[in-house]
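The values are calculated or read from the model by the stated rules, or taken from the named source; none is laboratory data. Since this is a predicted model, take the numbers as computed values, not measurements. Don't worry about glycine lacking a Cβ; one is built from the backbone with ideal geometry, like all the others, and counts go over all protein chains shown. Protein only, heavy atoms only, side chains kept; ligands, DNA and RNA dropped before computing areas. Shrake-Rupley method; radii C 1.70, N 1.55, O 1.52, S 1.80 Å.
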Amino acid sequence: MYIDKDEVIFEFFDVEYVTKHGLEQAMDAAVAFHQKCRLPFLMDISQLAAFLSLDRRELFGLVKRCDTMYRSFLLPKRTGGYRQIDAPAYELTAYQYRILHRILGRIPISRYATAYHRGAALTKNASPHTGKRYLLKIDIKDFFHSVRLSDVHARVFAPYYPKQIGYLLSLLCCKDGRLAQGAPTSPAISNIVMRCFDEPFGEWCEKRGLSYTRYCDDITISGDVPLYRALEKASLWLNNMGFTVNEKKTRFITNASRQTVTGLTVNEKVNVPSDYKRRLRQELYYAAKFGVSSAADYKGLTDAEQYYQSLMGWLNHVLSVEPENESFLKAKQALRERYAADRRI
């Protein structure tokens, strides 16, 4: 069932819903839902199954086995230890992407959330914190796995869909009753779940002259007054939601030191850290002097194309933050020309 201009269009899988509620009531419900949001009209099992290009039996079979459709492995963290990744099988991934693009991507999130949505950027997370005397960085421990199935149902799907439909959608996006770090739906769901924290806490900060942003599990607060009360408030509210602050990664930084937010310095303006640019200049120097392939060989890398793409990625990162940096603009063009020349040899 969908609305084209002012006309309600019924499809074959809407028969059960229309039969149960009557044509007039079904049309009224569709119009009211369309006015409330721009999500697919999924009010019974047949409609949900059709939305996923399944029949009812296939839908229930998928939901029953979806917890087993993940490959779990550990990835080393830069700071030590390991992070568990739960990668869904291709079949489940396809259904999750449909949920992501057709449903989750259309549900509003907080203006304070700066990751995992169209237009998100590291600079948008960092720029509110430039030129501040005090900076507070908070990390949420085990962020995705702390979001429970009940949170997903209550905060993401229940506001729009009947209980059964919302619960089935939640099951398709979770593994063993929690968000899976590795599922394509998890980042968007985390933003929607966190909206009930982001909005009131962001407004609490604004009333006190503080700036607040959240980039996934990284919370940043800044201002010109000490931020101990802000840490107490954030920790309390997060604990009430079932999250835990990682005290080992909590940092108070004054402007007497280098202040970084998601890898960017913010003391005076948003910049890429000087040591990052220094290392990149060194890499570019060797690539220009000896050629990309030779520089890759010297570093013990066997794939010159991959090394070239890595260098371009680092350059693009710098230029996304400092788009008028003449030195790196010239370096990018020189790298392109040198690599093209290497390939002609």
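Out of the residues in region 4-34 meeting the condition of being surrounded by 10 or more Cβ atoms within 10 Å (Cβ to Cβ) and among the aromatic types (Phe, Trp, Tyr), tell me which one is nearest to LEU54 (Cα to Cα). First the steps, then the outcome.
In the first step, residues of region 4-34 are kept if they are surrounded by 10 or more Cβ atoms within 10 Å (Cβ to Cβ); the result is 8-11, 13-23, 25-31, 33-34.
From what's left, among the aromatic types (Phe, Trp, Tyr): 10, 13, 17, 33.
Details: PHE10: 18, PHE13: 11, TYR17: 17, PHE33: 23 Å.
Looking at residues that are surrounded by 10 or more Cβ atoms within 10 Å (Cβ to Cβ) and among the aromatic types (Phe, Trp, Tyr), I get PHE13.
Looking only at region 11-27, residues that are without any contact (Cβ under 8 Å) to a residue 12 or more places away in the chain and in contact with a strand residue (DSSP E or B) (Cβ under 9 Å, 6 or more places away or on another chain) come to 0 in all.
The lone criterion from (1) within 21 Å of GLY105 (Cβ to Cβ); (2) of a type outside the set (A, V, I, L, M, F, W, C); (3) out of contact with any Pro (no Cβ under 9 Å at 6 or more places or on another chain) left unmet by GLU16 is number (1).
For region 193-217, give me each residue that is acidic (Asp, Glu) and not in a loop (DSSP other than H, G, I, E, B). Write out each step before concluding.
Applying the first criterion (acidic (Asp, Glu)) to region 193-217 yields 198-199, 203, 206, 217.
If the condition is that a residue be acidic (Asp, Glu) and not in a loop (DSSP other than H, G, I, E, B), then ASP198, GLU199, GLU203, GLU206 are the ones that fit.
On the stretch given as region 314-331, residues that are open to solvent by 40 Å² or more (accessible area, probe 1.4 Å) and assigned to a helix (DSSP H, G or I) total 8.
If you go through region 258-268 one residue at a time, do you hit one that is open to solvent by 100 Å² or more (accessible area, probe 1.4 Å) and in a loop (DSSP other than H, G, I, E, B)?
To start, the set of residues in region 258-268 that are open to solvent by 100 Å² or more (accessible area, probe 1.4 Å) comprises 258, 268.
Then drop every residue that is not in a loop (DSSP other than H, G, I, E, B), which leaves 258, 268.
For region 258-268, residues open to solvent by 100 Å² or more (accessible area, probe 1.4 Å) and in a loop (DSSP other than H, G, I, E, B): present.
Listed residues TYR161, TYR167; which is among the aromatic types (Phe, Trp, Tyr) and out of contact with any Leu (no Cβ under 7 Å at 6 or more places or on another chain)?
Numbers: TYR161 fails: out of contact with any Leu (no Cβ under 7 Å at 6 or more places or on another chain).
None of the other options fit; the residue is TYR167.
For region 151-176, filtered to residues that are free of Cβ contacts under 8 Å to residues at least 12 places away in the same chain and open to solvent by 50 Å² or more (accessible area, probe 1.4 Å), the residue that is nearest to the chain's Cα centre (by Cα) is ALA154.
GLY209 passes every criterion in (1) touching a residue at least 40 places away in the same chain (Cβ under 8 Å); (2) open to solvent by 40 Å² or more (accessible area, probe 1.4 Å) apart from (1).
Among VAL225, VAL272, which is the only one that is crowded, with 20+ Cβ neighbours inside 10 Å and β-branched (Val, Ile, Thr)? Spell out how you get there, then give the answer.
Values: VAL225 fails: crowded, with 20+ Cβ neighbours inside 10 Å.
On inspection, the qualifying residue turns out to be VAL272.
Scan ALA113, ALA94, ALA121, ALA126 and give me the residue that is exposed (fewer than 15 other Cβ atoms within 10 Å of the Cβ) and under 17 Å from VAL261 (Cα atoms). Explain how you work it out, then say what you get.
Working: ALA113 fails: exposed (fewer than 15 other Cβ atoms within 10 Å of the Cβ); ALA94 fails: under 17 Å from VAL261 (Cα atoms); ALA126 fails: exposed (fewer than 15 other Cβ atoms within 10 Å of the Cβ).
Exactly one of ALA113, ALA94, ALA121, ALA126 is exposed (fewer than 15 other Cβ atoms within 10 Å of the Cβ) and under 17 Å from VAL261 (Cα atoms), namely ALA121.
Picking from residues in region 38-84 that are within 19 Å of PRO162 (Cα to Cα) and basic (Lys, Arg), the one that is modelled with the highest pLDDT is ARG56.
To keep it simple, each residue is scored yes or no on (1) at pLDDT below 95; (2) in contact with a Lys or Arg (Cβ under 8 Å, 6 or more places away or on another chain); (3) within 30 Å of ILE189 (Cβ to Cβ); (4) assigned to a helix (DSSP H, G or I).
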{"residue": "TRP237", "(1), (2), (3), (4)": "no, no, yes, yes"}
{"residue": "GLY242", "(1), (2), (3), (4)": "no, yes, yes, no"}
{"residue": "TYR286", "(1), (2), (3), (4)": "yes, no, no, yes"}
{"residue": "GLN306", "(1), (2), (3), (4)": "yes, no, no, yes"}
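Whether a residue is outside any helix (DSSP H, G or I), open to solvent by 30 Å² or more (accessible area, probe 1.4 Å), farther than 24 Å from ASP176 by Cβ and out of contact with any Lys or Arg (no Cβ under 7 Å at 6 or more places or on another chain) was assessed, and ARG71 does not pass this test. Let me confirm something: among LYS137, LYS132, which residue is modelled with pLDDT of 95 or more, assigned to a loop (DSSP other than H, G, I, E, B), touching a strand residue (DSSP E or B) at 6+ places or on another chain (Cβ under 9 Å) and buried (at least 19 other Cβ atoms within 10 Å of the Cβ)? One residue alone meets the criteria, LYS132. In the set (1) open to solvent by less than 10 Å² (accessible area, probe 1.4 Å); (2) over 14 Å from the mean Cα position of the chain (by Cα); (3) in contact (Cβ under 8 Å) with a residue 24 or more places away in the chain, ALA180 fails one condition alone, (2).
For region 35-45, a tally of residues being surrounded by fewer than 15 Cβ atoms within 10 Å (Cβ to Cβ), in contact (Cβ under 8 Å) with a residue 60 or more places away in the chain and not in a loop (DSSP other than H, G, I, E, B) returns 1. Checked against the criterion of being touching a Ser or Thr at 6+ places or on another chain (Cβ under 8 Å), under 14 Å from LEU172 (Cα atoms), aliphatic (A, V, I, L, M) and in contact (Cβ under 8 Å) with a residue 12 or more places away in the chain, region 72-85 contains not a single residue that satisfies it.
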